[in-house]
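Right, one structure below, let's go through it.
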Amino acid sequence: MKKPTKTTKKTPYKLWGGRFEKGAGEQLEAFSRSLHFDYRLALPDIRGTKAYARWLERARILTRAETARAIKALGGLADEVVSVGPKYFEGAAEEDIHTFVLGKLRERVGELADKLHTGRSRNEQVALDFRIWLKDDAIVPAKHALRGLLAALVEMAERHPAVIVPGYTHLRRAQPVLWPHYLLAYFEMFRRDYERLEQCHESADVMPLGSGALAGTGMAAVDREMLAEALGFARISRNSVDAVSDRDFALEFLFAASLCFLHLSRLAEDWILYSTEEFGFLEMADEVSTGSSLMPQKKNPDSLELIRGKTGRVLGHMVSLATTLKGLPLSYNRDLQEDKEPVFDAAEQLEQALRMAAQVVATTSLHEKAMKKASTDGWLCATDLAESLAAKGVPFHKAHEIAGKLVLDSLRSGKQPQNCSLEDLKRSSPLFDEKCLSLLSPEAGIARRTAPGGTAPSSVRLALHEARAWLKSACE
């Protein structure tokens, strides 16, 4: 009988060890491993190593032939990472993505791989990789998804230019507004979120390579500006200690993601309410809704509820990283390994939630009659009546009192604005005239609000035109 062959455990590639008599214990190795999540930095790590190899050639540490071999091997490794995906890293013995990349490279080019770490520290390497990933794999996709949501809001507003809906304060009907005006409120919130993401990109667009472990590189010939240009960075870091030890750029992204989620959650809450039988303003499409396992009649807004729920998750990530950073002495500490998982997850959730919200907006249908009825019932015109008296010289607080008394009397008699006559108005004040009768309709109150930023049709048309123009420029 053939004896089973003995499998030898592969020794993981290490970047340190000469000072130690023994290796790290198994428990510490397991506790400190990060490859299961920082594998996402593989392509940025390869990209940074390629650029650094070219610089090492200029510094005469590598020959032209060695550089060519290293870059070819790195290119092949990148191809494998892309083609295989996350499974490529399963079962690897290395503790993190940096040792994994160099270990794979060593299999291809031998000791030449070791030369690629000349004058370079993992501290600067991880800062470089993280910044590249954040710019290219988090912020760019989030901006693209956010443009999709902004476009869906504009397109829905353009489809329903004259639809009227109650505006609310304290979740009570307050004043009528055009539905496009309501949608443009969210457009403004998400536009600011987009601008914050652009600012996050600017904060991350700083090249730390050349900072060493903390004191700066000892390789005098390093051309950091050349490396920054090769890696697509706008500028180099100004201080080596700061470059390797701070993660404010990551925290900025988590803040921007959290704030965007807060806006998404508010939109979700509105539309969850508006789609109930009690409101009946809109109906979400089947493809963004679910049913009940017990109650056959149910149509549940799970897509929006999940967006609302994930908001707390992303807010937690922001607090998590802020707490990690708050007490760290300069410069680098291993605590900073905890910077990535919150950002990785927040970026994934943000992109998915934005795409989901865009689909909800694009596929939702309105119940215009229900919206109009809710805007007509309930004395949403009271402010317009008070302002009409103020325009005739009545002090506004007095005009407010008169309009309030009219509302009270009408509620007691069961009258809605559309049922009131001029006599009913004059019982409250002789200053009411026939012109004031027209103010009892929501259209009249809306038409009066012509100031920039108001809900009058002319103002909303201008705002929509500006929103469309801004969106076009953001997509260029």
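The values are calculated or read from the model by the stated rules, or taken from the named source; none is laboratory data. Since the structure is predicted, the reported quantities are computational estimates derived from the model, not experimental observations. All Cβ positions, even for glycine, are placed from backbone atoms using ideal geometry, and neighbour counts span all protein chains on display. Heavy atoms of the whole protein, side chains included, go into the accessibility calculation; ligands, DNA and RNA do not. Shrake-Rupley method; radii C 1.70, N 1.55, O 1.52, S 1.80 Å.
Quick check for you: with a 1.4 Å probe and neighbouring chains kept, what is the accessible area per residue of the chain, in Å²? Intermediate results must be reported in sequence, preceding the final value.
Numbers: 24270 Å² over 476 residues.
About 51 Å² of surface per residue is accessible.
If you fit an axis through the alpha-carbon atoms of helix 382-391 and take the longest principal axis of the Cα set of the chain, what angle between them do you get, 0 to 90°, nearest 10? Helix 382-391 sits roughly 70 degrees off the main axis of the chain. Ordered by 1.4 Å accessible area with all protein chains kept, ASP38, ASP246 run largest first as ASP246, ASP38. What the Cβ-Cβ distance of ALA390 and GLU476 gives, at R0 = 45 Å and to the nearest 0.05, is a FRET efficiency of 0.45. 3J(HN,Hα) along region 228-244: 4, 5, 5, 9, x, 9, 6, 7, 9, 5, 8, 9, 5, 5, 4, 4, 8 Hz, from the Karplus curve 6.51 cos²θ - 1.76 cosθ + 1.60 with θ = phi - 60°, whole Hz, x for Gly and Pro.
Under 5 Å from the amide H of GLY167 lie the amide H atoms of ALA174, GLN175, VAL177, each residue being 5 or more positions distant or on a separate chain, with H modelled from the backbone and absent for Pro and chain starts.
Residue by residue, region 266-275 carries 3J(HN,Hα) couplings of 5, 4, 4, 4, 3, 6, 4, 5, 5, 8 Hz when phi is fed to the Karplus relation 6.51 cos²θ - 1.76 cosθ + 1.60 (θ = phi - 60°); x denotes Gly or Pro. Per-residue ellipticity at 222 nm computed for the chain from its helices equals -19500 deg cm²/dmol, with DSSP H segments shorter than 4 residues left out and the rest contributing -39,500 (n - 2.57). Pairs exceeding 30 Å between alpha-carbon atoms, taken from LYS104/LYS326; LYS369/LYS392; LYS310/LYS340; LYS50/LYS143: LYS104/LYS326; LYS369/LYS392.
Using the Karplus relation 6.51 cos²θ - 1.76 cosθ + 1.60 with θ = phi - 60°, the per-residue 3J(HN,Hα) values for region 184-193 come to 5, 4, 5, 4, 5, 4, 6, 5, 5, 4 Hz, with x marking Gly and Pro. At R0 = 30 Å, how high is the FRET efficiency between LEU171 and GLN418 if r is their beta carbon distance? Nearest 0.05 is fine. Efficiency, rounded to the nearest 0.05: 0.80. Shown are THR99, THR118, whose ranking by accessible area with a 1.4 Å probe and every protein chain present, most to least, is THR118, THR99. When Rg and Dmax of the Cα atoms in Å is calculated for this entry, the matching label among (i) 30.9, 113; (ii) 24.0, 75; (iii) 27.6, 101 is (i). Amide H to amide H, with H built 1.01 Å from N, GLY212 comes under 5 Å of SER121, THR217, counting only residues 5 or more places away or on other chains.
Close amide H pairs (under 5 Å, H built 1.01 Å from N) link ASN300 with THR290, GLY291, residues at least 5 positions away or on another chain. Accessible-area rank, largest first, for PHE279, PHE233: PHE279, PHE233, with all protein chains present and a 1.4 angstrom probe. Reducing region 215-234 and region 353-410 to their Cα centroids gives an inter-centroid distance of 60 Å. Here the label points at THR276 and LEU330, each 7 Å from Cα along the C-beta direction, are separated by 5.4 nm in the simple model. All Cα-Cα separations within region 43-86 were binned at 10 Å from zero, giving a P(r) of 31, 47, 18, 3, each value a whole percent of the pairs.
Atom-type composition of the exposed protein surface of the chain places 54 percent of the accessible area on carbon and sulfur (1.4 angstrom probe).
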